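**Q** Take a look at the following structure, please.
The values are calculated or read from the model by the stated rules, or taken from the named source; none is laboratory data. Everything numeric here is computed off the predicted structure, so don't read it as measured data. Note: ideal-geometry Cβ built from the backbone for every residue, glycine included; neighbour counts use all protein chains shown. Keep in mind that these areas ignore ligands, DNA and RNA; they rest on the heavy atoms of the full protein, side chains included. Shrake-Rupley method; radii C 1.70, N 1.55, O 1.52, S 1.80 Å.
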Amino acid sequence: MNTTSSDPTQHTALITGANSGLGKAIAMELARRGMTLVLVCRSLTRGEQARWEIRAETGNEDIHLITGDLAEQSDVRRVAAQFNRDFKALHLLINNAGSAFPERRLTHDGIEKALAINHVAPFLLTRLLLPRLKSSAPARIINVGTRFNTAMDLDDLNWEKRRYRMMQAYGQSKLGMLHSTFELARQLEGSGVTVNCVFPGVFMSNLGGTDGAQNAFWRAVARWLGWAIPTANQAAQSVIHYATAPEMANLNGQYVSRKGPVKAPEQARAPEMNRRVWEATEALIKAS
């Protein structure tokens with residue numbers, strides 16, 4: 001059954017990592033447009049604070065919160081189950097949550113943590129919410145990506161053989177998201193659901209936490225060129241455009257930025273490699 005209304009204020013959106021930075025900026029703008037929002041946040045305290053601020057600033061009371069640590073597959077499954085229980089439609093899924101770590105860490109599922117959060121979590125969450133998206137079609141999935149010219153090592157996804165490097169691990173995990181975007185787009189053709197990867201550009205970020213390496217880098221740059229570095233609010237406009245613009249309704253399987261198409265790394269331009277990454281990710285997902 002198609003549950004979509006032509007009135008955008010009747011649309012429901014789920015956003016991961018929505019309590020700060022880019023995710024919160026996206027949520028704020030969608031709330032201003034009258035959407036029903038479901039914020040997925042790891043911290044109950046920070047999530048409730050974000051929900052209160054979004055409601056207060058936009059006047060939109062239809063803001064909801066689901067907490068979960070997306071590094072753990074059990075929490076991803078719980079988040080999806082709670083959403084499917086409480087909401088009958090999903091028109092927009094924005095996989096925004098991401099992180100980076102200065103040293104190699106493993107989740108309880110035995111997966112390198114950046115890979116778990118940046119790639120495996122959105123892969124699994126999307127899969128679990130896909131029936132709701134299809135029944136709500138037309139619907140859109142937006143994967144928030146980044147821009148690295150790198151490649152994934154499918155023989156060492158957990159960095160057991162290589163020296164761990166924070167930004168290289170982050171880049172490979174986000175490349176995994178790009179691979180899955182392209183493969184899922186192929187699978188979704190004709191379903192009424194689209195999926196695209198949006199690079200929001202370089203902006204002031206708390207990636208890696210307050211004391212993370214990238215945050216320290218941006219603090220140093222800001223002292224010199226702070227006026228030139230876009231804010232999260234500015235970066236959010238690219239995501240909002242591809243998530244809501246009527247002319248983007250049929251865009252599917254694209255890697256894009258504010259300026260238009262982005263050239264994917266060579267590895268992600270190979271359909272066979274996209275399939276292999278998809279299968280490798282499936283192997284990382286534990287049975288429910």
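**Q** Is it fair to say Phe87 is among the hydrophobic types (A, V, I, L, M, F, W, C), surrounded by fewer than 18 Cβ atoms within 10 Å (Cβ to Cβ) and touching a residue at least 24 places away in the same chain (Cβ under 8 Å)?
**A** On the way: among the hydrophobic types (A, V, I, L, M, F, W, C): yes; surrounded by fewer than 18 Cβ atoms within 10 Å (Cβ to Cβ): yes; touching a residue at least 24 places away in the same chain (Cβ under 8 Å): yes.
Yes: the conditions hold for Phe87.
**Q** Hey, another quick one. Does any residue in segment 46-62 that is closer than 13 Å to Gly23 by Cα and of a type outside the set (S, T, N, Q) come within less than 8 Å, Cβ to Cβ, of a residue that is assigned to a helix (DSSP H, G or I) and open to solvent by less than 70 Å² (accessible area, probe 1.4 Å) six or more places away or on a different chain, and which pairs are these?
**A** Ala50/Lys24; Ala50/Ala27; Ile54/Lys24; Ile54/Ala27; Ile54/Met28; Ile54/Ala31
**Q** Of all residues in segment 128-146, which are open to solvent by 10 Å² or more (accessible area, probe 1.4 Å), more than 16 Å from the chain's Cα centre (by Cα) and either of a type in the set (Ser, Thr, Tyr) or within 24 Å of Gly171 (Cα to Cα) (or both)?
**A** Selection gives Ser135 alone.
**Q** From the residues in segment 96-125 that are open to solvent by less than 10 Å² (accessible area, probe 1.4 Å) and β-branched (Val, Ile, Thr), which one is nearest to Ala232 (Cα to Cα)?
**A** In this case the residue turns out to be Val120.
**Q** Is there any pair with a first residue in segment 262-288 that is over 13 Å from Gly176 (Cβ atoms) and a second that is modelled with pLDDT under 95 whose Cβ atoms are under 8 Å apart and which are 6 or more apart or on different chains, and what are they?
**A** Close Cβ pairs (under 8 Å, with a partner that is modelled with pLDDT under 95) amount to Val262/Arg147; Val262/Phe199; Glu266/Ala151.
**Q** List pairs: first residue in segment 243-257 and under 20 Å from Leu37 (Cβ atoms), second residue of a type in the set (Gly, Ala, Ser) and open to solvent by less than 20 Å² (accessible area, probe 1.4 Å) anywhere in the structure, Cβ distance under 7 angstrom, at least six positions apart or on different chains.
**A** Note: no pairs meet the criteria.
**Q** List every residue pair whose Cβ atoms sit under 6 Å apart, with the two residues 6 or more apart in sequence or on different chains, where the first one lies in segment 71-83 and is under 18 Å from Leu14 (Cα atoms) and touching a residue at least 40 places away in the same chain (Cβ under 8 Å) and the second, anywhere, is open to solvent by 10 Å² or more (accessible area, probe 1.4 Å) and in a helix (DSSP H, G or I).
**A** Once the first residue is under 18 Å from Leu14 (Cα atoms) and touching a residue at least 40 places away in the same chain (Cβ under 8 Å) and sits in segment 71-83, its partners that are open to solvent by 10 Å² or more (accessible area, probe 1.4 Å) and in a helix (DSSP H, G or I) give Ala71/Lys113; Ala71/Ile117; Ala80/Leu128.
**Q** Please indicate, with yes or no, whether at least one residue in segment 181-195 is at pLDDT 95 or above, within 19 Å of the chain's Cα centre (by Cα), crowded, with 21+ Cβ neighbours inside 10 Å and over 25 Å from Cys41 (Cα atoms).
**A** The answer is yes; a qualifying residue exists.
**Q** Being buried (at least 21 other Cβ atoms within 10 Å of the Cβ), modelled with pLDDT under 95 and among the hydrophobic types (A, V, I, L, M, F, W, C) narrows it down to one residue among Ala228, Ala216, Ala287, Ala236; which is it? Give the derivation first.
**A** Details: Ala228 fails: buried (at least 21 other Cβ atoms within 10 Å of the Cβ); Ala216 fails: buried (at least 21 other Cβ atoms within 10 Å of the Cβ); Ala287 fails: buried (at least 21 other Cβ atoms within 10 Å of the Cβ).
Ala236 is the lone residue from the list that is buried (at least 21 other Cβ atoms within 10 Å of the Cβ), modelled with pLDDT under 95 and among the hydrophobic types (A, V, I, L, M, F, W, C).
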